[in-house]
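Please treat every number below as a calculation from the coordinates, not as lab data. On a predicted model such as this, the values are computed, not experimentally measured, just so you know. No Cβ is skipped: glycine too gets one built from the backbone with ideal geometry, and neighbour counts run over all protein chains shown.
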Amino acid sequence: MLSTINLYVDKLVLLKLDNTKLSVKDREKLNTICETLNKILKFSIGLSSTRIRKEALNLALSLGKKLQLTNRTEQFNKMITIIQEALPELTKDNEPEIRTRIIDIKEMLKI
């Protein structure tokens, strides 16, 4: 399911357009989408399943890059907060897939 959500994020047109080109209604929709994705991230990263965590981190990486590219700092900062809260627990994970994603996310966040 998280893989499908990640594909949705990759194809979401609202994340490809600059914020200035969006109508107020589209910005509201995008805010709602980002809030929902943040809830999904928070829940999924908190689970102990390596596969689910890996897919959640893939989603965070994809969403984070798109938010950065389109200068959506408010949504990006909310996502960063979720990742930073989970980071201490994630860094304890010894699975190589998780460690690789953490490194990629740290590079994106410039931590």
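For the condition more than 19 Å from Lys29 (Cα to Cα) and either more than 10 Å from the chain's Cα centre (by Cα) or not aromatic (Phe, Trp, Tyr) (or both), Asn94 qualifies. Among the residues of region 1-28, those that are outside any helix (DSSP H, G or I), aliphatic (A, V, I, L, M) and surrounded by 11 or more Cβ atoms within 10 Å (Cβ to Cβ) comprise Leu12, Leu17, Leu22.
Considering each of Asn58, Asn31, Asn71, Asn94 in turn, give the residue that is touching a Leu at 6+ places or on another chain (Cβ under 9 Å) and either polar (S, T, N, Q) or not in a loop (DSSP other than H, G, I, E, B) (or both). From the options Asn58, Asn31, Asn71, Asn94, the qualifying one is Asn58.
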